[in-house]
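Following: one structure in structure tokens, then a few remarks.
The values are calculated or read from the model by the stated rules, or taken from the named source; none is laboratory data. Computed from a predicted structure; not experimentally measured. Cβ placement follows ideal geometry from the backbone for every residue including glycine, while neighbour counts extend to all protein chains displayed.
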Amino acid sequence: MDKVIHNCIIIGSGPSGYTAAIYAARAGMNPVLFTGQEPGGQLMITTDVENYPGYPDGVMGPQMMEDFRKQAERFGTDIRYELITKVDFSEHKHKIYTESGEELMAHAVIISTGASAKWLGLESEQRLMNKGVSACAVCDGFFFRGLEVAIVGAGDTAAEEAIYLSKICKKVHMLVRRDEMRASKIMQERVNNAPNIQIYWNSETDEVLGTEEVTGVRIRNTKTNELSEIAVSAFFVAIGHKPNTDIFKGWIKMDASGYIEAVPGRTHTNIEGVFAAGDAQDNRYRQAVTAAGTGCMAALDAERYLVEREII
């Protein structure tokens, strides 16, 4: 008996994966979507989402992903709650392997495995997540407008988010581990020129303070070992993200950080028939709405690929 070759397999869920599934299913591609370890992605640990169009009163992240999932299923997406652990893109009929050892084949593959925020590894950081601790100032800064907040990080992302926060918050306390920043010169100038950003050099986070919500942060001077506390209402971590792309190494072209390099303005990768969407290929915006947009693009690109080869 010949092995079934699926038209389209989507690896990963979240806004990009589910959106790709909606478009692929409506196009008659009969997609199979593997959710991975975290069905719904980072939004499953996000509380209020107020910046996604169509939810005028806001929506809880898990509820939003439940809506996405139901819509994908409505059009016939085969959703499987498994993790893909290995791929083989050596032939046009791409091979996908699940954690249970099952081998599947597909003409087109859409990668939407996302990226995970890097954390400091503090117990209090995890305990107070979504209670004032966040890894996305653009997503959650609005909830703390007019208040004092802290942000940890020294690169361009940290600088950008500190500047963003400075426009809506009373004061931004920026914690930098060394005596210099890694951010580009122009970004450092913008941070230095913001009157309500205070930089704490040679400072690392010792503890995020608070029981039910963030009330402050305790920092340690890396040179003197001196401890001090700052009263803040929110603590933002901006030390980078790690794309969930390890299983594609050796097959898919990536940048030095592991983000998939897609053709500019499209979702095509260096492997014919393999497309990338969402935060796995986006190291700049990392928003639910942009992830959903590239999920749509990936499904349309995959559909065209299949049509041109008279597969569908």
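For the stretch 232-241, check the following and say yes or no: at least one residue is touching a strand residue (DSSP E or B) at 6+ places or on another chain (Cβ under 9 Å), more than 18 Å from D140 (Cα to Cα), assigned to a loop (DSSP other than H, G, I, E, B) and hydroxyl-bearing (S, T, Y).
no
Quick check on my filter: what residues within the stretch 176-191 are touching a strand residue (DSSP E or B) at 6+ places or on another chain (Cβ under 9 Å) and assigned to a loop (DSSP other than H, G, I, E, B)?
Listed by number, the residues that qualify are V176, R177, M181.
If E213 passes every condition in (1) part of a loop (DSSP other than H, G, I, E, B); (2) surrounded by 16 or more Cβ atoms within 10 Å (Cβ to Cβ) but one, which one does it miss?
Condition (2) is where E213 drops out.
Would the stretch 264-279 turn up any residue that is assigned to a helix (DSSP H, G or I) and surrounded by 14 or more Cβ atoms within 10 Å (Cβ to Cβ)?
Of the stretch 264-279, the ones assigned to a helix (DSSP H, G or I) are 278-279.
Now narrow it down to the ones that are surrounded by 14 or more Cβ atoms within 10 Å (Cβ to Cβ): 278-279.
Yes, because at least one residue in the stretch 264-279 is assigned to a helix (DSSP H, G or I) and surrounded by 14 or more Cβ atoms within 10 Å (Cβ to Cβ).
Across the stretch 99-137, which residue is surrounded by the most Cβ atoms within 10 Å (Cβ to Cβ) among those that are hydroxyl-bearing (S, T, Y) and under 18 Å from the mean Cα position of the chain (by Cα)?
Keep residues of the stretch 99-137 that are hydroxyl-bearing (S, T, Y), which gives 100, 112-113, 116, 124, 134.
Going one step further and asking which of them are under 18 Å from the mean Cα position of the chain (by Cα), we end up with 112-113, 116, 134.
Working: S112: 33, T113: 30, S116: 15, S134: 27.
The extreme case among them is S112.
Any chance the stretch 48-57 includes a residue that's part of a helix (DSSP H, G or I) and in contact (Cβ under 8 Å) with a residue 40 or more places away in the chain? Give the steps one after another, and end with the answer.
Start the filter on the stretch 48-57 by keeping residues that are part of a helix (DSSP H, G or I), which leaves none.
No: zero hits.
Output the residue which, of all residues in the stretch 247-306 that are among the basic types (K, R) and modelled with pLDDT of 95 or more, is farthest from K93 (Cα to Cα). Show your work before the answer.
Residues of the stretch 247-306 that are among the basic types (K, R), as a first pass: 249, 253, 266, 284, 286, 304.
Applying the additional criterion that residues be modelled with pLDDT of 95 or more yields 249, 253, 266, 304.
On the way: K249: 18, K253: 19, R266: 22, R304: 16 Å.
If we take residues in the stretch 247-306 being among the basic types (K, R) and modelled with pLDDT of 95 or more, then R266 is farthest from K93 (Cα to Cα).
Scan the stretch 75-96 and tell me whether some residue there is aromatic (F, W, Y), assigned to a strand (DSSP E or B), out of contact with any helix residue (DSSP H, G or I) (no Cβ under 7 Å at 6 or more places or on another chain) and surrounded by 13 or more Cβ atoms within 10 Å (Cβ to Cβ).
From the stretch 75-96, those aromatic (F, W, Y) are 75, 81, 89; that's our starting set.
Among the residues that remain, those that are also assigned to a strand (DSSP E or B) are: none.
No, the stretch 75-96 contains no residue that is aromatic (F, W, Y), assigned to a strand (DSSP E or B), out of contact with any helix residue (DSSP H, G or I) (no Cβ under 7 Å at 6 or more places or on another chain) and surrounded by 13 or more Cβ atoms within 10 Å (Cβ to Cβ).
Within the stretch 198-214, restricting attention to residues that are of a type outside the set (V, I, T) and touching a residue at least 60 places away in the same chain (Cβ under 8 Å), which residue is farthest from E229 (Cα to Cα)? Please lay out each step first, then the result.
In the first step, residues of the stretch 198-214 are kept if they are of a type outside the set (V, I, T); the result is 198, 200-204, 206-207, 209-210, 212-213.
After this cut, where a residue has to be touching a residue at least 60 places away in the same chain (Cβ under 8 Å) as well, the list is 207, 209-210, 212-213.
Numbers: E207: 9, L209: 9, G210: 12, E212: 18, E213: 16 Å.
By that ranking, first place goes to E212.
Anything in the stretch 3-26 that is at pLDDT 95 or above and within 17 Å of the chain's Cα centre (by Cα)? List them, or say none.
I10, I11, G12, P15, S16, G17, Y18, T19, A20
Would you call E207 within 28 Å of L147 (Cβ to Cβ), out of contact with any Asp or Glu (no Cβ under 9 Å at 6 or more places or on another chain) and not aromatic (F, W, Y)? Quick ask: steps written out before the conclusion?
Values: within 28 Å of L147 (Cβ to Cβ): yes; out of contact with any Asp or Glu (no Cβ under 9 Å at 6 or more places or on another chain): no; not aromatic (F, W, Y): yes.
It is false that E207 is within 28 Å of L147 (Cβ to Cβ), out of contact with any Asp or Glu (no Cβ under 9 Å at 6 or more places or on another chain) and not aromatic (F, W, Y).
Given the criterion among the polar types (S, T, N, Q), touching a residue at least 12 places away in the same chain (Cβ under 8 Å) and assigned by TED's automatic domain parsing to the domain that holds F89, identify the matching residue among S257, S233. Before you say what the answer is, go through the steps one by one.
Values: S233 fails: assigned by TED's automatic domain parsing to the domain that holds F89.
S257 is the lone residue from the list that is among the polar types (S, T, N, Q), touching a residue at least 12 places away in the same chain (Cβ under 8 Å) and assigned by TED's automatic domain parsing to the domain that holds F89.
Would it be correct to say that D78 is more than 21 Å from the chain's Cα centre (by Cα), at pLDDT below 95 and at negative phi? Don't jump to the end; show me each part of the working.
Details: more than 21 Å from the chain's Cα centre (by Cα): yes; at pLDDT below 95: no; at negative phi: yes.
No; evaluated as a whole, the condition is false for this residue.
Give the stretch 155-171 a look and list any residue that's surrounded by 23 or more Cβ atoms within 10 Å (Cβ to Cβ) and not in a helix (DSSP H, G or I), or say none.
C169
Here is a list: M65, M29. Which entry is within 17 Å of G293 (Cα to Cα) and either outside any strand (DSSP E or B) or within 18 Å of the chain's Cα centre (by Cα) (or both)? Spell out how you get there, then give the answer.
On the way: M29 fails: within 17 Å of G293 (Cα to Cα).
So the residue among M65, M29 that is within 17 Å of G293 (Cα to Cα) and either outside any strand (DSSP E or B) or within 18 Å of the chain's Cα centre (by Cα) (or both) is M65.
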